[in-house]
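Notes to accompany the following structure.
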Amino acid sequence: MHETRVLLDGLRFPEGPRWHDGKLWFSDMHAGRVWTLDPDGRADTVLSLDGDEPSGLGWLPDGRLLVVSMQRRKLLRRDRDGLVAHADLAGVAHFHANDMVVDAHGRAYVGNFGFDLNGGAAHTPTNLALAHPDGRVEVAASDLLFPNGTVLTPDGRTLIVAETFAARLTAFDVADDGRLSKRRVWAQLERAVPDGICLDAEGAIWVASPISKGVLRVREGGEVLQRISVEHQAYACMLGGPDRRTLYMMTAPSSSADVASTARRGHVMCIDVETPGA
């Protein structure tokens with residue numbers, strides 16, 4: 001059995017990991033920063049958001065970085081002269097925006113809370129936003145309960161999103177224009193709350209589940225193939241490394257901004273797995 005190990009500590013709340021250009025990219029949400037981390041554990045700050053928290057990350061076909069600005073409910077783009085507004089999600093996102101996946105055409109699918117989670121509001125369904133490369137925004141799917149981590153299959157034809165407070169992974173067919181149809185339950189989970197997710201080459205999905213204090217490898221239909229435990233709560237995961245067989249896990253004791261800011265006990269952990277990323 002492989003062992004979990006800590007690659008980076010002292011973070012507030014790591015989220016939104018992506019493997020890109022030989023490095024792990026992720027947001028330290030409550031610190032307002034986006035980081036890169038190479039396989040040897042060397043970390044660099046890529047950018048800082050002024051007065052907001054970053055979450056989901058992705059890239060346009062020309063290589064420009066997209067960053068979700070959570071409370072402003074905007075999608076930002078890093079140009080040569082700095083961050084600029086790429087798309088306004090406020091008309092679609094009912095509360096803070098969160099995770100995101102960007103397809104090969106530069107179309108971004110962005111989730112949102114749907115309700116004031118930290119304020120104790122009632123759980124309310126919301127939309128998954130579709131932001132086109134030209135900045136147009138429309139509803140990709142509605143009536144989702146906290147759409148969160150999202151993946152696309154390698155052919156770009158299936159999108160799977162974690163509905164955190166419905167404890168399920170929900171799949172859609174993706175049309176040529178990026179619109180979604182044929183909604184279906186990909187996996188209903190037991191004793192798990194799906195947050196960030198990533199897809200492997202066998203079509204299984206790794207699911208970070210904070211209440212489970214670990215990540216689960218799940219097959220379509222809901223069978224749990226493997227469990228990996230971590231010390232704190234796992235909020236997101238990503239397959240990366242030179243052979244894509246390193247599973248990176250974003251962990252923290254709590255998602256609370258107050259706890260995260262004082263404790264700074266967020267970690268990037270990793271473990272070697274058998275099946276590479278999709």
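Couple of notes before you dig in:
- Screening LEU247 against (1) open to solvent by 70 Å² or more (accessible area, probe 1.4 Å); (2) touching a strand residue (DSSP E or B) at 6+ places or on another chain (Cβ under 8 Å); (3) within 22 Å of ASP44 (Cα to Cα) leaves a single unmet condition, (1).
- Among residues of segment 24-40 being closer than 19 Å to ASP272 by Cα, touching a residue at least 24 places away in the same chain (Cβ under 8 Å) and open to solvent by 20 Å² or more (accessible area, probe 1.4 Å), the one that is farthest from the chain's Cα centre (by Cα) is PRO39.
- Residue within segment 140-147 that is over 15 Å from the mean Cα position of the chain (by Cα) and closer than 23 Å to SER254 by Cβ present: yes
- Evaluating ARG72 against the criteria (1) farther than 22 Å from ASN118 by Cβ; (2) of a type outside the set (A, V, I, L, M); (3) at pLDDT 95 or above; (4) not in a strand (DSSP E or B) leaves one unmet condition, (1).
- Cβ-Cβ distances below 7 Å connect the following pairs, each with a first residue in segment 55-72 that is on the phi < 0 side of the Ramachandran plot, a second residue that is among the hydroxyl-bearing types (Ser, Thr, Tyr) and in a strand (DSSP E or B), and a separation of six or more residues or different chains: SER55/SER27; LEU57/SER27; VAL68/SER55; MET70/SER55.
- Within segment 90-114, the set of residues being out of contact with any Phe, Trp or Tyr (no Cβ under 6 Å at 6 or more places or on another chain), surrounded by fewer than 24 Cβ atoms within 10 Å (Cβ to Cβ) and more than 13 Å from TRP59 (Cα to Cα) comprises ALA90, GLY91, VAL92, HIS94.
- Selection status of HIS94, touching a Ser or Thr at 6+ places or on another chain (Cβ under 6 Å), more than 25 Å from VAL224 (Cβ to Cβ) and not hydroxyl-bearing (Ser, Thr, Tyr): yes
- Test for ARG179: is it farther than 24 Å from PHE113 by Cβ and in contact with a strand residue (DSSP E or B) (Cβ under 8 Å, 6 or more places away or on another chain): no
- Matching entry among ALA236, ALA208, ALA252, ALA162 (being in contact with a Cys (Cβ under 6 Å, 6 or more places away or on another chain), open to solvent by less than 20 Å² (accessible area, probe 1.4 Å) and of a type in the set (A, V, I, L, M)): ALA208
The values are calculated or read from the model by the stated rules, or taken from the named source; none is laboratory data. The structure displayed is predicted, hence computed values, not measured ones. All Cβ positions, glycine included, derive from the backbone under ideal geometry; neighbour counts span all protein chains shown. In case anyone asks, the SASA skips ligands and DNA or RNA and just uses the protein heavy atoms, side chains included. Shrake-Rupley method; radii C 1.70, N 1.55, O 1.52, S 1.80 Å.
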